[in-house]
Amino acid sequence: MTAIPTQPRGRLLTEITRWPGSLKIGTVLFVLICLAGIFAPWLTPYGPNEQDLKNTLVAPSLAHPFGTDNFGRDVFARVLYGIRINLPFGIITTYVPMIYGVVLGALAGYWGGWFDAILMRILDVTVAFPFLVLIIVIVAILGPGIHNIYIAIFLTAWTMYARLARAEMLVERNKDYILAARTLGYGTGRIVFRHALPNVSNSSIIFSTSDFVLNIMLLSGLSFLGLGVAPPTPEWGAMIAEGRDFLFDAWWICTLPGLALVVTGTALCLIGDGLAQRLGERRHALV
Amino acid sequence: MHLSDPAKAVATAVPLLEVEDLVVEFRQRGRVVRAVNHVSLTLGQGETLGIVGESGSGKSVLCRSFLRLLPSPPAVVTASRISFNGQNLPDLTEDQMQAIRGTDISMVFQNPMGALNPVWPIGDQITEGEVVRGRLAPANRRKRAIELLTRVGIPAPELRVDEYPHQWSGGMVQRAVIAMAVAGAPKLILADEPTTALDVTIQNQILALLMELQAETGTALILVSHDLAVVAESCDRVAVMYAGRIMEIAPTDRIFVAPKHAYTLGLLGSIPRIEGGDQALEPIPGQPPNLADLPPGCPFAPRCRFASSACAGADMTLREVAPGHFSACIRANELGGVA
């Protein structure tokens, strides 16, 4: 009997052709943003903190595509170097809590009982505590700086992932393949991490793309409020804060970093949307 | 196939599994549902025992309780003895129990599509048990997977081994599940309605496969089904369950020819027969009893056309009515001529 191979192995290209449009566009945009961040020194002749006091508040032109700010720094260069601050921040604050959030949630869902009860109460308390108050307290104790924001986010951001993973685990744990895994005598660790985890992380993966955007916005928001990164750092929110005094004379200092935020956010939202469609073809997507 | 076979009779003399007085209750919010009610049975080495009964009669719960697979709470399992291969299962620790699962006892499930993990290639799943136990080097995994798939009759296994469950049909996945169950060379396979989710032609193939593997390896098999035809074809002995109790247990050829329990008789009467002409079926009237509120005596009495006043207080222990043929019906001897 001869069988016709249904799909070749190494099917990345086949997979990409099946992506919905939003996922393709979002991915392309996101890759471009990443490349722009990586190759920033080759894309602009200026450094992010290079001052040119003779050319302050220059409107966008060929020499300065995004104009210059009140110290004569090139806004385009600062926006490009800002990618190096904002994107890694977004990745770390999204995916580190996601890992332990999903693991904790999955265990809570699988075991139930006292572990579940205690974890869910801790989670309720964490969710109930206002985030901005928490970060102000942490900054007040430890001083401002990006590391303290990491601490605050690591303390709180896992909650949503834990909830999502727990909810999915409550469904998955009653499925036959989990029972089959138990019947075959596998240990709890193997069942939860190897068998169940890939099946309970769908909604967390989809949620993470929106969470990513929210975290970048959060850093910008905190920097805007003076609780985030210290001034000379080319962070988008900090740039918007610095530029708002010149909004009427030099709109580009605020607007163009803001636009960078919007484009990054849009790219990630498109990815999230597309992933939800692609992953959720058999399931309900959450976001 | 039958008990009259002398080789078989010797084999059954040393039971593989002996269950004595097994009770499974689900206790929740003050309600007690007794799903398995004082069940005792024995199973010989290499024997095939069919368990039949309608939905909710406790067949699946009975099987899962041996392997300690029921969620506890709410399930509470008590038994004077569940002796398997010389070990008393209730005395074992969870770790020892885990070692028995998948190696000495394994299970085949009703819904094959749900029984495999959707995100793993099939070949990896059917060999995982052996790899985990260190019986198979990861390097030989693929070879072993192909070997197992060949054994359960999957065509072109070297192409199929890397595929995912959703790419296979239900019958093929059930073959893979069976491959997974026999991979550890178990002494006992619990097949929980293995053919119910499949269409009739595939049912026969799967049954034939189970029989064939059993003949090859000498594994004992408990075949749970609500389909009397499936059981008639494949089992040495049949136990009929109703409302958590074994009503009758007998060699297959006897139970279909000379049933000694009114419930078995009722079940046989409700099968459509091709030679029966336009004669109406005789369904059993009424509903199974509420397991949370069982009547005393015979649970089938309220629906039984042979019930007498004595049935409500009947002693439900199994009595031997013929060699190897046990029935819990107090009027068993009066039923002789009815079949």
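Across chain A, Cα pairs under 8 Å and at least six residues apart give a relative contact order of 26 percent.
Note: relative contact order over segment B:146-237, using C-alpha pairs below 8 Å and six or more positions apart, is 27 percent. When both segment A:52-74 and segment B:144-198 are represented by their alpha-carbon centers, they are found 69 Å apart. 3J(HN,Hα) along segment B:283-288, derived from phi through the Karplus expression 6.51 cos²θ - 1.76 cosθ + 1.60 where θ = phi - 60°, amounts to x, 7, x, x, 10, x Hz, with x in place of Gly and Pro.
Look at the stretch B:111-119: the mean tally of other chain Cβ atoms within 10 Å of its residues' Cβ atoms is 6. Across A:Leu119, A:Leu184, A:Leu261, mean-square fluctuation computed from a Gaussian network of chain A (C-alpha pairs under 10 Å connected) peaks at A:Leu184.
Give, rounded to the nearest 20 debye, the magnitude of the charge dipole that the protein assembly as shown has about its Cα centre when Lys and Arg contribute +1 at Cβ and Asp and Glu contribute -1 at Cβ. Dipole about the Cα centre, nearest 20: 340 debye.
Could you work out the relative contact order of chain B, using alpha carbon pairs under 8 angstrom and six or more residues apart, expressed as a whole percent?
Value for chain B: 20 percent.
The calculated FRET efficiency for the pair A:Thr14 and B:Arg31, based on their C-beta separation and a Förster distance of 56 Å, comes to about 0.60.
Note that segment B:132-191 shows a convex hull volume over its alpha carbon atoms of 98 Å³ per residue.
Computed with a 1.4 angstrom probe on protein heavy atoms, the B-A interface buries about 2300 square angstrom of accessible area in total. Across segment B:322-334, computed HN-Hα scalar couplings (Karplus, 6.51 cos²θ - 1.76 cosθ + 1.60, θ = phi - 60°) run 7, x, x, 10, 10, 9, 9, 7, 6, 10, 3, 6, 7 Hz from first to last residue, x flagging Gly and Pro.
For A:Thr14, the accessible area of its heavy atoms, probed at 1.4 Å with every protein chain present, is near 50 square angstrom. Assign one of three labels to segment A:49-159, namely rounded, prolate or oblate, based on the Cα gyration tensor with a ≥ b ≥ c the square roots of its eigenvalues; rounded applies when a/c is under 1.5, prolate when it is not and a/b is larger than b/c, and oblate otherwise. Prolate is the answer for segment A:49-159, as a/c is 1.5 or above and a/b outweighs b/c. Just to confirm the number: angle between the C-alpha axis of helix A:202-224 and the first principal axis of chain A, 0 to 90 degrees, nearest 10? Computed tilt is about 20 degrees. Per residue of the protein assembly as shown, the DSSP helices (runs of n ≥ 4 H) give a summed -39500 (n - 2.57) that works out to -14500 deg cm²/dmol at 222 nm. What angle, in degrees between 0 and 90 and rounded to the nearest 10, separates the Cα long axis of helix A:75-111 from the longest principal axis of the Cα atoms of chain A? Between the helix axis and the principal axis of chain A, the angle is about 20 degrees.
Using the 1.4 Å probe convention, the accessible area of the protein assembly as shown works out to 46 Å² per residue with neighbouring protein chains retained.
Here the extension length gained between B:Asp21 and B:Phe256 equals 82.0 nm, from 0.36 nm per residue of separation less the Cα-Cα distance. Of all DSSP bridge pairs formed entirely within chain B, close to 60 percent run antiparallel.
What FRET efficiency do you get for A:Ser61 and A:Val31 if R0 is 25 Å and r is their Cβ-Cβ distance, rounded to the nearest 0.05?
With R0 = 25 Å, the Cβ-Cβ based efficiency is 0.30.
Inter-chain Cβ neighbour count for A:119-125, averaged per residue, equals 0 (cutoff 10 Å, partner chain atoms only).
Rolling a 1.4 Å probe over the protein heavy atoms of chain B, with every protein chain left in place, gives an accessible area that is 54 percent carbon and sulfur. If both residues of a DSSP beta bridge must be in the protein assembly as shown, then about 65% of such bridges are antiparallel.
Seen from A:Tyr110, the other residues with C-beta closer than 13 Å to its C-beta sum to a net charge of +3, counting Lys and Arg as +1 and Asp and Glu as -1. Backbone geometry of segment B:125-139 corresponds, through the Karplus equation with coefficients 6.51, -1.76 and 1.60 at θ = phi - 60°, to 3J(HN,Hα) couplings of 6, 6, 9, 4, x, 5, 5, 4, 8, x, 8, 9, 6, x, 5 Hz, x marking Gly and Pro.
Here the extension length gained between B:Glu54 and B:His166 equals 37.3 nm, from 0.36 nm per residue of separation less the Cα-Cα distance. Need one word for the protein assembly as shown: rounded, prolate or oblate. Basis is the Cα gyration tensor (sqrt eigenvalues a ≥ b ≥ c); a/c below 1.5 gives rounded, then a/b vs b/c decides. It is prolate, given that a/c is not under 1.5 and a/b is the larger ratio.
Label positions at B:Gln87 and A:Ile136, each projected 7 Å from the Cα along the C-beta direction, are separated by 6.2 nm. Under a 10 Å cutoff between Cα atoms, tell me which one of B:Ala75, B:Ala239, B:Ala250 has the largest fluctuation in the Gaussian network model of chain B. Between B:Ala75, B:Ala239, B:Ala250, it is B:Ala75 that shows the largest mean-square fluctuation. When a 1.4 Å probe is rolled over the protein heavy atoms, the share of accessible surface on chain A that falls to carbon and sulfur comes to 70 percent. Just checking the listed ones, A:Thr159, A:Thr233, A:Thr68: in the Gaussian network model of chain A with Cα springs under 10 Å, the one fluctuating most is A:Thr233. Looking at chain B, what % of the alpha carbon pairs are farther apart than 36 Å? Tail of P(r) above 36 Å: 22 percent of Cα pairs. Please compare each pair in A:Lys24/A:Lys175; B:Lys59/B:Lys187; A:Lys24/B:Lys143; A:Lys175/B:Lys260 to a cut-off of 30 Å on the Cα-Cα distance and tell me which ones are over it. Where the Cα-Cα span goes over 30 Å, the pairs concerned are A:Lys24/A:Lys175; A:Lys24/B:Lys143; A:Lys175/B:Lys260.
Buried on complex formation within segment A:171-185 (loss of at least 20 square angstrom of accessible surface versus the isolated chain, 1.4 Å probe, ligands and nucleic acids ignored): A:Asp176, A:Tyr177, A:Leu179, A:Ala180, A:Arg182, A:Thr183, A:Leu184, A:Gly185. Relative to the longest principal axis of the Cα atoms of chain A, the long axis of helix A:113-128 makes an angle of roughly 20 degrees.
The values are calculated or read from the model by the stated rules, or taken from the named source; none is laboratory data. Everything quoted here is computed from the prediction, not taken from an experiment. When we count neighbours, we look across all protein chains shown, and the Cβ atoms used for this are built from the backbone with ideal geometry, even at glycine. Surface areas here come from the heavy atoms of the whole protein model, side chains and all, with no ligands, DNA or RNA. Shrake-Rupley method; radii C 1.70, N 1.55, O 1.52, S 1.80 Å.
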